[in-house]
Structures are given as C-alpha cells and as structure tokens.
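Working notes for the structure below.
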Amino acid sequence: MADMVFADKNFSFDEKVFNDIKPWVNETTTNFMLFINFFGSQKFLVPANLFLIFYFLLVRNNKKSAFQITAISLTSMIVMFSIKFFLQRQRPLVPLISKVHGYSFPSGHTFCSVTFFGIIAYILYKNIAEPWLKWGAIFLVLCITLLIGYSRIYLRLHYASDVIAGFCLGIIWLLLAKQFLLKTEKTKLQEPLTDPGFTKPGVTEPESDRV
C-alpha cells in the first residue's frame, strides 16, 4: 500500500473509491458519518482509554491489565504519529466538512480505533460466557471499527489507502504489543522466587487479575 502511494505515485485506487462513494453522499448519511466519526476521535478515545485504565486499576484492582491498556494505547499513538511525520502525506484537498490539520497517512482515527476496540473485543471475549452474546458483542465492536474507517473516506478526510493502512498497522501493532507483554510476563514468572507469598504454578489466578 505504501509503495503504491509513495513510490509509484499511483492515486487511481483512491480516486476510484471517492468516485464510487460520491452517488451515496447526502445530508442524512453525512450526519450519520459525523456521529460515527466521533468514536474514532481523540475526544472519545482518550477519555474511553482513561476510563478503562482506572476501571481495572481501582474497581477490579487489576494493575496488570491497567498497565497493558496504558502501554498499548500510548505506544500505538507514538507509532502512528511517527509514521505520519516521516511520510508526510497531505490530506484530500476537498473534504466534506471543515478542513482538518495534520498528515493523512495512515489514518489515525482508524489506527487508534483498531487498538482501542481491539482491547474491548478481547475483554468481551474473556469475560462473556454466553457464546451468542459474546460473539454478538464482538461483531458489534467490529462493525463500529469498520464504520469509523469508512466514515473517514466518506467525509474525504482520508484517502482509502490511508484507512486500509490504518487497519493493517493497527491490527499488527495490537498483536505485537500483546505478544510482547505476554513474553515479558512469562519472563518475570521464570525469575527466582524471592517473595514467600508467591503463588505456585498451577494455582488459579485471582479474580482481580483476569481481564
């Protein structure tokens, strides 16, 4: 995707997507897309992440999950802004709403939505026992994430390639971050035991440590 945009300077795909969406643009859909777009904005994601962190920290007394959410959220923003600054792709020239600032590639709304709603989906998967309710909730979260990405294209705030890159990078970073945190956790468990109160292997983890 990056090669197509930056090396080949090929914008035909992005223009085709804009042209395909154009017949469906109307006031009602635009208002709905603005509503959906809010859930990918920092105005929503920052308080939502803070709520999750303090919920696990103060209500569930689960420092491990609070740390994991903090680490994934902060590192995803650092990675996203670093890529934007390095590539410096300009946004579409004629957005449907007032022009926004910042670079276009990858879509930050999409990237951060994937990481946040990916965390939500994982929490739902681990905590809902009823299969139909579990997968129904996860499907709803997936639909919201996809709609956020689509709203960025519909509102002409991003090219389609920006959004696709945001989805791909968000998924990759979420998986890498989770794998790294799990590896770090296993390394700590293998260290020599110095705490007499350490729980022996095979003992079920306390309820507070479950995500």
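A short reminder: the numbers here are calculations on the coordinates, not readings from a lab. The model shown is predicted, which means the values in this text are computed figures rather than measured ones. Here the Cβ is made from the backbone with ideal geometry for all residues, glycine too, and neighbour counts use every protein chain on show.
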Could you work out the percent of alpha carbon pairs in the range 57-156 separated by over 22 Å, rounded to a whole number? 45 percent
With θ taken as phi - 60° and the coefficients 6.51, -1.76 and 1.60, list the Karplus ³J(HN,Hα) couplings across the range 40-52 in order, rounded to whole Hz; mark glycine and proline as x. x, 8, 5, 4, 9, 5, 5, x, 5, 5, 4, 4, 4
So what J values fall out for the range 105-111 if you push phi through Karplus, 6.51 cos²θ - 1.76 cosθ + 1.60 with θ = phi - 60°, rounded to Hz, Gly and Pro as x? 10, x, 5, x, 4, 5, 4
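In what sequence do VAL94, VAL114, VAL79 fall when counting other Cβ within 10 Å, fewest first?
Fewest-to-most Cβ neighbours within 10 Å comes out as VAL94, VAL79, VAL114.
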Students often get this wrong: which residues of the range 26-52 have the backbone nitrogen under 12 Å from the point 7 angstrom along Cα-to-C-beta of LEU96? 26-37
At a 10 angstrom cut-off on C-beta neighbours, averaged per residue, how do the peptides 64-74, 137-147 rank from highest to lowest? 64-74, 137-147
The FRET efficiency for GLU27 and CYS143, from their Cβ-Cβ distance with R0 = 30 Å and rounded to 0.05, is 0.85
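What full-extension length gain, to one decimal in nm, is calculated for LYS64 and ALA48 as 0.36 nm per residue of separation minus the Cα-Cα distance?
Between LYS64 and ALA48, full extension yields 4.0 nm more.
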Given N residues in the range 1-111, what is Rg(Cα) / (2.2 N^0.38 Å)? 1.35
Between TRP135 and LYS178, how high is the FRET efficiency from 1/(1 + (r/R0)^6) when r is the Cβ-Cβ distance and R₀ = 25 Å? Nearest 0.05. 0.80
Which residues' amide hydrogens lie under 5 Å from the amide hydrogen of PHE105, considering only partners 5 or more residues apart or on another chain, with H built in the peptide plane? ARG89
Sum of side-chain charges, GLY118 neighbourhood, beta-carbon under 15 Å (Lys, Arg +1; Asp, Glu -1): +2
Just to check I understand the Karplus step: with θ = phi - 60° and J = 6.51 cos²θ - 1.76 cosθ + 1.60, what whole-Hz values come out for the range 62-79, glycine and proline as x? 10, 5, 4, 5, 4, 5, 4, 5, 4, 5, 5, 5, 5, 5, 5, 5, 5, 4
Can you give me the orientation-averaged projected area of the convex hull built on the Cα atoms of the range 124-167, in nm²? 3.4 nm²
